[in-house]
1. Which condition does LEU41 not pass, out of (1) modelled with pLDDT under 95; (2) surrounded by 19 or more Cβ atoms within 10 Å (Cβ to Cβ), if it passes all the others?
2. Please verify whether ALA13 is touching an Asp or Glu at 6+ places or on another chain (Cβ under 9 Å), at pLDDT below 95 and more than 18 Å from ASP142 (Cα to Cα), treating the condition exactly as stated.
3. Would you call HIS87 within 25 Å of ILE134 (Cβ to Cβ), at pLDDT below 90 and touching a strand residue (DSSP E or B) at 6+ places or on another chain (Cβ under 9 Å)?
4. Hey, can you tell me all the residues within the stretch 42-86 that are in contact with a Lys or Arg (Cβ under 9 Å, 6 or more places away or on another chain) and closer than 12 Å to LEU144 by Cβ?
5. Starting from the stretch 15-30, take each residue that is within 17 Å of THR67 (Cα to Cα) and list its partners that are exposed (fewer than 13 other Cβ atoms within 10 Å of the Cβ), counting only C-beta distances under 6 angstrom and pairs at least six apart or across chains.
6. Across the stretch 31-73, what is the number of residues that are without any contact (Cβ under 8 Å) to a residue 12 or more places away in the chain and more than 15 Å from the chain's Cα centre (by Cα)?
Amino acid sequence: MLDAIGPETAIVAVPQCHWTDGTVVDLVTLGERCRETGAALVVDATQSAGAMPLNLDAVQPDFVIATGYKWLFCPYPFGFLYAAPQHRTGRPLEGHSFHRAGARQSEGRMGYIREYEPGARRYDMGERANFIHIPMALAALDQLGAWGVEAIATSLRPLTETIAREAESRG
């Protein structure tokens, strides 16, 4: 994969681990290569967020995305985005009024505001207010934090090693 990334590469989008066989991608080395060539690194952590540690300082991804319904234990409609600091002033794909600065403090019609919300919130979906699912997601993430991702990974490791051995022995 590293040899395929060159000056003509704009974006490298990879999972932290592959969904079919669990192969772990060396994101630190991949991130270094992306920075060398000027390519953006997008990590799809859907299969790993909550079950495998991800060191953002070491990897230095441009974006990390993950659905919430897998290892993050959130309700189905949730997805999460991390945007590196250099991308937190970008223009979102959707120009909804909820992305605009001050939208959360406004009551009623607020007119047209050109400035977007600060940080990655500008990339949220429109109509993000999902009043029943938000408390559920917060409770799930609190529980995940209490257990600890490293502890979850440590607990899962012998199970996945056993599954891998059995699968290999069966061809």
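1. Checking LEU41 against (1) modelled with pLDDT under 95; (2) surrounded by 19 or more Cβ atoms within 10 Å (Cβ to Cβ), the one that fails is (1).
2. Spelling it out, it is not the case that ALA13 is touching an Asp or Glu at 6+ places or on another chain (Cβ under 9 Å), at pLDDT below 95 and more than 18 Å from ASP142 (Cα to Cα).
3. Taking the combined requirement at face value, the residue does not satisfy it.
4. ALA49, GLY50, ALA51
5. Pairs that qualify, where the first residue is within 17 Å of THR67 (Cα to Cα) and the partner is exposed (fewer than 13 other Cβ atoms within 10 Å of the Cβ), are CYS17/VAL24.
6. So the answer is 2.
Per-residue answers, yes or no, for (1) exposed (fewer than 15 other Cβ atoms within 10 Å of the Cβ); (2) in a helix (DSSP H, G or I); (3) at pLDDT below 90:
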site: PRO77; (1), (2), (3): yes, no, yes
site: PHE80; (1), (2), (3): no, no, no
site: GLN105; (1), (2), (3): yes, no, yes
site: PHE131; (1), (2), (3): yes, no, yes
site: LEU141; (1), (2), (3): no, yes, no
site: ALA146; (1), (2), (3): yes, yes, no
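The values are calculated or read from the model by the stated rules, or taken from the named source; none is laboratory data. Being a predicted model, the structure only gives us computed values, none of them experimental. As a convention, Cβ positions derive from the backbone with ideal geometry for all residues, glycine included, and neighbour counts pool all protein chains shown.
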